[in-house]
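**Q** Pasting in a structure now, in structure tokens, and then I'll have a few things to ask.
The values are calculated or read from the model by the stated rules, or taken from the named source; none is laboratory data. Remember, predicted model here, so these are calculated numbers, not experimental data. Cβ coordinates were reconstructed from backbone atoms using ideal geometry, including for glycine residues, and neighbour counts include every protein chain displayed. To get the accessible areas, we keep the full protein, side chains included, count just its heavy atoms, and leave off ligands, DNA and RNA. Shrake-Rupley method; radii C 1.70, N 1.55, O 1.52, S 1.80 Å.
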Amino acid sequence: MTEPIIVGNWKMNTNVSEAVHLAQQIRQAAEQSGVDHQCSIVLCPPFVNLSAVGNCLRGSTIALGAQNCWTEPYGAFTGEISAAMLRSVGCEYVIIGHSERRTIFHEDDALIRQKMLRAWEESLVPILCVGETLHERQLHRTWNVLESQLEQLLAIEERRNPWVCAYEPVWAIGTGIAAEPPQIEQAHAFLRALLDAHGCTHVPILYGGSITPTNAVAIFSVPNVAGGLVGGASLNADSFVHIIAASIHARATNR
Ligand code: PEP
């Protein structure tokens, strides 16, 4: 059984000194408790803090990730960052299609597909976020939404590349209201079957949405949950490392 994956999405938080301090605290707590060798840990700070955080993580097992990238390798795209640039500062992962990008910045599935292709071209592991809004859930459209968010991607040959899928119900992100384990179980079973049917048996599925140290063990004990994408709770080293430890505990208990 592979080890769990826990990704910290710091969103637009931390200046450079705060980012360095947080990365140091997480590294120290993870190494002292030994969780760094039992879990794949990824930190995704804001772009401007990637180099500084990368320096703090050098020599550790903790990987660096970014929160977004653009579709082209270079050129006249003012304000954008390419996957090649991310690679050059030591990133191994990149979050693609986060619901905040889809909603606030109007990213659609076609653009997200382009970003996935670019990430693969630069040997980054994309973490693709999918999930329904509350309105879509209330209309019983959850499965259609998940399927359509994955459709364009599953149609392309490059799917043999490594990638990670994150089920993030939009209504659970940053709200303090995590999905209930039965809801997570249903969604992950649906996604697992969909991915498997398209030959993506190698793709882990993370859950994201208001994970805390309190609910983490219950969430990570749900079948087909391979780890978590953690926003708010990743900004506190103690909480984040608690969540990492919970993923390891749940994996060992449910083995
Ligand atoms: C996220 O940003 O992907 C996320 C899940 O945030 P939070 O944990 O704060 O809900």
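**Q** Keeping every protein chain in place, order Tyr207, Tyr74 by accessible area at 1.4 Å, biggest value first, i.e. largest first.
**A** So, going from the largest accessible area down, we get Tyr74, Tyr207.
**Q** Name the most mobile residue of Met85, Met116, Met12, meaning the one with the largest mean-square fluctuation, in a Gaussian network model of the chain with Cα contacts below 10 Å.
**A** Met12
**Q** If you scale each eigenvalue of the Cα gyration tensor by 5 and take the root, what three semi-axes come out for the range 98-181, rounded to whole angstrom and sorted largest first?
**A** 24, 13, 12
**Q** In µm²/s, what is D for the range 5-253 at 25 °C and 0.890 mPa s, where D = kT/(6 pi eta Rh) by Stokes-Einstein and Rh is the Kirkwood radius from Cα pairs?
**A** 136 µm²/s
**Q** Can you show me the helix-derived [θ] at 222 nm for the chain, built from DSSP H runs with n ≥ 4 at -39,500 (n - 2.57) apiece and divided by the number of residues, rounded to the nearest 500.
**A** Result for the chain, helices only: -12500 deg cm²/dmol.
**Q** Return the percentage of antiparallel bridges among DSSP beta bridges fully within the chain, rounded to the nearest 5 %.
**A** Taking every DSSP beta bridge with both residues in the chain, the antiparallel ones total about 0 percent.
**Q** Given springs between every Cα pair under 10 Å in a Gaussian network model of the chain, which of Arg160, Arg192, Arg118 has the largest fluctuation?
**A** Sorting by GNM fluctuation, first place goes to Arg160.
**Q** Rounded to two decimals, what ratio of Rg to Rh does the range 1-151 give with C-alpha atoms and a Kirkwood Rh?
**A** With Rg and the Kirkwood Rh in hand, the quotient comes to 1.00.
**Q** Using +1 at the C-beta of Lys and Arg and -1 at the C-beta of Asp and Glu, which of Phe47, Leu128, Met116 has the Cα lying farthest in the positive direction of the dipole of the range 5-253?
**A** Phe47
**Q** Evaluate the range 109-255: find the radius of gyration of its Cα atoms, find its Kirkwood radius, and give the ratio Rg to Rh.
**A** Over the Cα atoms of the range 109-255, Rg/Rh equals 0.96.
**Q** Still on this structure: Taking the alpha-carbon centroid of each part, what is the distance from the range 43-98 to the range 158-205 in angstrom?
**A** Taking the Cα centre of the range 158-205 as reference, the centre of the range 43-98 is 23 Å away.
**Q** Taking the Cβ of Ile41 as the centre, find all other residues whose Cβ is under 13 Å away and add up their charges (Lys, Arg: +1; Asp, Glu: -1).
**A** Taking every other residue near Ile41 into account, the sum is -3.
**Q** Given the protein chains as shown and a 1.4 Å probe, how many square angstrom of Arg137 are accessible, to the nearest 10?
**A** 50 Å²
**Q** So which trypsin sites (Lys or Arg not before Pro) in the range 46-109 pass both tests, a DSSP loop state and at most 11 other Cβ atoms within 10 Å of the Cβ?
**A** Answer by residue number: Arg58.
**Q** GNM on the chain, C-alpha springs below 10 Å: top fluctuator among Phe220, Phe105, Phe240?
**A** Phe105
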